[in-house]
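Shown next, in structure tokens, is the structure this report addresses.
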Amino acid sequence: MKKTVLKSLFIFFLLQIIPFLNNKVYAENKKMKVREEIFGKLKPGKQVKLFTLTNKNGITVKITNYGGIITSIKTPDKNGKTGEIVLGYDNLKGYLKDSPYFGAIVGRYANRIANGEFKLNGKIYKLAKNNGNNSLHGGLKGFDKVLWNALPLRNKDSIGVRMYYLSKDGEEGYPGNLEVEVDYLLNNKNELIIHYTARTDKPTPVNLTNHTYFNLKCGGCGDILNHIFYINSDKYTEINNELIPTGEILPVKGTPLDFTTPRKIGERINKLDMGYDHNFVLNKKNNELSLAAKVIEPETGRVLEVLTTQPGIQFYSGNFLDGSIKGHNNIIYKKHSGFCLETQRFPDSPNHKNFPNTIIKPNQTYNETTIYKFTIK
């Protein structure tokens, strides 16, 4: 443990000097900007930062080191009018009070683990149960509710923020001290790149994702049912009534989950009990960085492409938004006000041998990349 702490301090020191090493490069690229300010305070007085990234095309991304949350993304529409395209709050208080993972880094294990337990090397690990009898998105205090160390990044082709967090052995029931780094990078290709790395001193399951709710039309002022979806997936993981995988991997063909041909979200959503909250098995080779999904909002012309190295993507259609949350500009978020495309390993993988491995060992590095690319049609 002592070595882990010393290593963590060394990494944090490196994080502090990286921006200064990059200042010369940053001076050559005045059209991209990163600004740092105070977003609020946590008891007992810890300051929370907000980083604003802006590229030459007028795209702005705001990120706070509380939960690694993307609080805002503003992009131009087909008429050149810039507007909000994600759900969230205008201040820290909203995220502290009541937030369904808006924009957050989710971990140590994104999505659900059945019965809040898994077996590893002959030992059963009991996790915090925060979703009925199951564990969801890391437990009672997952990565979305911690204060990350964060510093700006200034590169030749991008600007961004590096987040660092040490999840200690036993946190929320998980084994091993897990060192996590997440880089958010914005470039002039209108790509928001999220790169995740993690290392451990004991075998442990890891599944990291970002939980941003998108609404390409108006950032949540109306529903997302007219958004046109394409998902590069022929199969999905079957779930039970608690949204836990049964272990079966089934074809999407002939079901409301078939988005291999672009369709509006609302076209078949009523054929499902609640809406979409499913893990899609992506068509890909190994861990190549490839297209996972593409979304078009026909009225504004905004297009979102999602590329990832991950084997799966969770499409969630904002089923549990119920009008009780008031977000950006006092907008009330109702059912289907936003959608999530969470790139991931499969839910409950530690309990299914036929699912992609999620266990990393001390000699391994968790290394995944997701790109959100913003264009106009």
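Across region 282-332, the qualifying residues are those that are among the hydroxyl-bearing types (Ser, Thr, Tyr) and touching a Phe, Trp or Tyr at 6+ places or on another chain (Cβ under 8 Å), and the one among them that is farthest from TYR236 (Cα to Cα) is SER317.
For GLU299, the conditions (1) in a helix (DSSP H, G or I); (2) surrounded by fewer than 20 Cβ atoms within 10 Å (Cβ to Cβ) all hold with the exception of (1). Looking only at region 77-112, residues that are over 12 Å from the mean Cα position of the chain (by Cα), within 24 Å of ASN190 (Cβ to Cβ) and not in a loop (DSSP other than H, G, I, E, B) come to 4 in all.
Take ASN329 and decide whether it is over 19 Å from TYR276 (Cβ atoms), at pLDDT below 95 and outside any loop (DSSP other than H, G, I, E, B). If you could, list the steps in order and put the result at the bottom.
On the way: over 19 Å from TYR276 (Cβ atoms): yes; at pLDDT below 95: yes; outside any loop (DSSP other than H, G, I, E, B): yes.
It is true that ASN329 is over 19 Å from TYR276 (Cβ atoms), at pLDDT below 95 and outside any loop (DSSP other than H, G, I, E, B).
Look through region 137-156, keep the residues that are in contact (Cβ under 8 Å) with a residue 60 or more places away in the chain, assigned to a loop (DSSP other than H, G, I, E, B) and of a type outside the set (A, V, I, L, M, F, W, C), and return whichever of them is surrounded by the most Cβ atoms within 10 Å (Cβ to Cβ). Ranking the qualifying residues of region 137-156, first place goes to HIS137. Does any residue of region 354-362 turn out to be crowded, with 17+ Cβ neighbours inside 10 Å, closer than 24 Å to THR246 by Cβ and of a type outside the set (Val, Ile, Thr)? Yes, some residue in region 354-362 is crowded, with 17+ Cβ neighbours inside 10 Å, closer than 24 Å to THR246 by Cβ and of a type outside the set (Val, Ile, Thr). Scanning region 193-245 for residues that are of a type in the set (S, T, N, Q), more than 20 Å from GLU297 (Cα to Cα) and crowded, with 23+ Cβ neighbours inside 10 Å gives THR200, THR204, ASN207, THR209, ASN210, SER233, THR237.
Consider TYR109 carefully, then state whether it is modelled with pLDDT of 95 or more, surrounded by 18 or more Cβ atoms within 10 Å (Cβ to Cβ), aromatic (Phe, Trp, Tyr) and under 30 Å from PHE355 (Cβ atoms). In short, yes.
Screening region 119-136 for residues that are surrounded by 13 or more Cβ atoms within 10 Å (Cβ to Cβ) and among the aliphatic types (A, V, I, L, M) and picking the one that is nearest to ILE244 (Cα to Cα) gives LEU136. Applying the criterion of being in a loop (DSSP other than H, G, I, E, B) and at negative phi to the residues of region 113-134, the residue that is nearest to the chain's Cα centre (by Cα) is ASN130. Number of residues in region 280-292 that are farther than 20 Å from ASP348 by Cα and crowded, with 22+ Cβ neighbours inside 10 Å equals 1. Entry remark, region 143-178: residues being under 21 Å from PHE51 (Cβ atoms) and either within 15 Å of the chain's Cα centre (by Cα) or at pLDDT 95 or above (or both) number 20 in total.
Please go through region 192-248 and give me each residue that is assigned to a strand (DSSP E or B) and of a type in the set (Lys, Arg), ordered by number.
Answer for region 192-248, where residues must be assigned to a strand (DSSP E or B) and of a type in the set (Lys, Arg): ARG199, LYS235.
Taking the stated definitions as given, is ASP273 more than 20 Å from the chain's Cα centre (by Cα), closer than 24 Å to GLY220 by Cα and part of a loop (DSSP other than H, G, I, E, B)? Judged against the criteria, ASP273 is a match.
The values are calculated or read from the model by the stated rules, or taken from the named source; none is laboratory data. Treat the numbers as computed from the prediction; the structure is a model and nothing was measured. Please note: Cβ atoms are built from the backbone with ideal geometry, for glycine as well, and neighbour counts cover all protein chains shown.
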